[in-house]
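Asker: Here it is, the structure, as structure tokens.
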Amino acid sequence: MGTTISKRTVDALKPGDRNAFLWDANLKGFGVKITPAGKRIYFAQYRIGKQKTRYTIGQHGHLTPEQARKEATRVLGEVAAGKDPNADKNRERQAPTIANLCDLYMQEGSAHKKESTRYVDRGRIERHIKPLLGRKLVHRLTRGDVERFMLAVADGQTATDVKTGFRGRARVSGGKGTANRAVGLLGAILSFAVTRTMRMDNPAHGVKKFKEGRRDRFLSQEEMARMGTALSEAEKNGVNPIAISVIRMLIFTGCRKSEMLTLEWAHVDFEHSCLRLPDSKTGFKVVPLGAPGLSLLTSLPRSDGNPYVFPGEKPGGHIVGVPRIWGKIRATVGLEDVSLHTMRHSFASLGVGTGLSLPIVGAILGHSSEAMTARYGHLSANPVKDAAERISGTIAAAMKGDLGNNVLPLKVKP
């Protein structure tokens, strides 16, 4: 004979009692046991064939007797219908987690991406996705989970600043932009899960992202003059001349920082006044050079045994630390909000603002998709070369403080 399982009867169980089990008088198979450590565990006992087995429901205190009885009723009902709840639980334990899915995605689902992009993806996975969602089962992730994840990243719950090794730091920020990009990657990972039939839908699809402020900061002619002065003064004061040359080339070409830092002499075509970049963000591309860029490159010395145009202190390596040097230079002339990428925005803005067509400017910067790149391929090389000459010449004049009639007008967004 059992007794009714209630808070009073469960609390009365003592470790070491001969009656360490208590069976419910009203629901056959529903019981509670006390462990030597004093934990009281609810369970449901049943038979599958001739084998007796127990299904653990949960711990007293985490569950009330009424909640445990309700779950036991459900479990025993499944048994009556011919199912084995423990088998389902074991399958659930073996089901892949979001962390497992992320690892599989990096191994098999992102092989088409550039290594630099994979590096960024890996950082977002390890710093944002795994800490917040890693333990969740792939098939149980909901749209609500994705939305809460986005809010958590935006609120800075995964922000950190940790040392990653000798002279290394990982500074992870929160914010709406970071959250949007983390959700974008999560969506790609979940799409991969759908293709592998790990789930039927993508809960990140349709999640409304944060509206971000536009980051198209452009330099005015007066700011270009201040920047030119700052670079000249920094050069006179002994600031690394290689770093200054990198900054000037970013201004004259509109290239991405990574493209300029990893530029090799083998990529410079002096005869045709261009850079031939074999592995830019958008693949192979040709960057036409105007006279200021060509003149700067011609003046640079070459380092024996180093293929890079802008060599670093490490033998055979390229320069590092340019953003830090630029940060100090820009502070001297009140341009703290001007990043190295602002140079690229300014190059594009100047080109469009002086009447050049979007395809021409896009061809110089390599902004195009694959379809757009094919269309640019039908353009004559002369307009593109002339456009680069026109833009870089105007920038060079502005940096020298020539704000007279020879400088093309620059439209600046408010």
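The values are calculated or read from the model by the stated rules, or taken from the named source; none is laboratory data. This structure is a prediction, so every number in the text was calculated from the model and none was measured. In this analysis, Cβ positions are derived from the backbone assuming ideal geometry, glycine residues included, and neighbour counts consider all displayed protein chains. What goes into the accessible areas is simple: the full protein's heavy atoms, side chains included, and nothing from ligands, DNA or RNA. Shrake-Rupley method; radii C 1.70, N 1.55, O 1.52, S 1.80 Å.
Asker: Run the accessible area of segment 1-107 with a 1.4 Å probe and give the carbon-and-sulfur part as a rounded percent.
Answerer: On segment 1-107, the fraction of accessible area on carbon and sulfur atoms equals 50 percent.
Asker: What are the ³J(HN,Hα) couplings of segment 387-394, residue after residue, when phi is run through the Karplus curve with 6.51, -1.76, 1.60 and θ = phi - 60°? Round to Hz, x for glycine and proline.
Answerer: In residue order, the calculated couplings are 5, 4, 4, 5, 5, 5, x, 5 Hz.
Asker: Also, I was wondering about something else. Over the Cα atoms of segment 57-130, what is the Rg over Rh ratio if Rh follows Kirkwood?
Answerer: Details: Rg = 20.3 Å, Rh = 15.9 Å.
So for segment 57-130, dividing Rg by the Kirkwood Rh gives 1.28.
Asker: If you don't mind, another one. Tell me which residues come under 5 Å, amide H to amide H, from Cys274 once H is placed; ignore anything under 5 positions away on its chain.
Answerer: Excluding prolines and chain starts, which carry no amide H, the hits are Asp269, Leu289.
Asker: Something else: Which value, in Å², gives the accessible area per residue of segment 168-207 when a 1.4 Å probe is used on the protein heavy atoms?
Answerer: On the way: 1860 Å² over 40 residues.
Ligands and nucleic acids excluded, the figure is 46 Å² per residue.
Asker: A further question on this structure: For Val239, enumerate residues with amide H under 5 Å from its amide H, sequence gap 5+ or separate chain, H modeled in the peptide plane.
Answerer: none
Asker: Return the carbon/sulfur percentage of the accessible area of segment 192-351, one whole number, probe 1.4 Å, all protein chains in place. Could the numbers behind the result be given before it?
Answerer: Details: 4310 of 8070 Å².
Answer for segment 192-351 is 53 percent, counting heavy atoms of protein chains only.
Asker: Tell me the per residue accessible area of segment 1-120 using a 1.4 Å probe; a whole number in Å² is fine. Spell out each step's value before the answer.
Answerer: Details: 7610 Å² over 120 residues.
I get 63 Å² per residue for this part.
Asker: Using the charge dipole of segment 1-70 (Lys, Arg: +1 at Cβ; Asp, Glu: -1 at Cβ; taken about the Cα centre), state which of Ala44, Thr3, Ala25 has its Cα farthest towards the positive end.
Answerer: Ala44
Asker: Whole-Hz Karplus ³J(HN,Hα) for segment 117-123, in order, using 6.51 cos²θ - 1.76 cosθ + 1.60 and θ = phi - 60°, x for Gly and Pro?
Answerer: Working through the residues one at a time gives 5, 4, 5, 5, 4, 4, x Hz.
Asker: Largest first, how would Asp337, Asp304 line up by accessible area (1.4 Å probe)?
Answerer: Details: Asp337 95, Asp304 155 Å².
So, going from the largest accessible area down, we get Asp304, Asp337.
Asker: Once a ≥ b ≥ c are taken as the square roots of the eigenvalues of the Cα gyration tensor of segment 237-325, is the result rounded (a/c under 1.5), prolate (a/b larger than b/c) or oblate (a/b not larger than b/c)? Write out the running numbers ahead of the final one.
Answerer: Numbers: a/c = 1.41, a/b = 1.32, b/c = 1.07.
Because its axes are fairly even, with a/c under 1.5, segment 237-325 counts as rounded.
Asker: While we're looking at this one, here's another question. Please list 3J(HN,Hα) in residue order for segment 265-279, calculated via the Karplus relation 6.51 cos²θ - 1.76 cosθ + 1.60 where θ = phi - 60°; whole Hz, with x for glycine and proline.
Answerer: 4, 5, 8, 8, 10, 5, 4, 9, 6, 7, 9, 10, 8, x, 8
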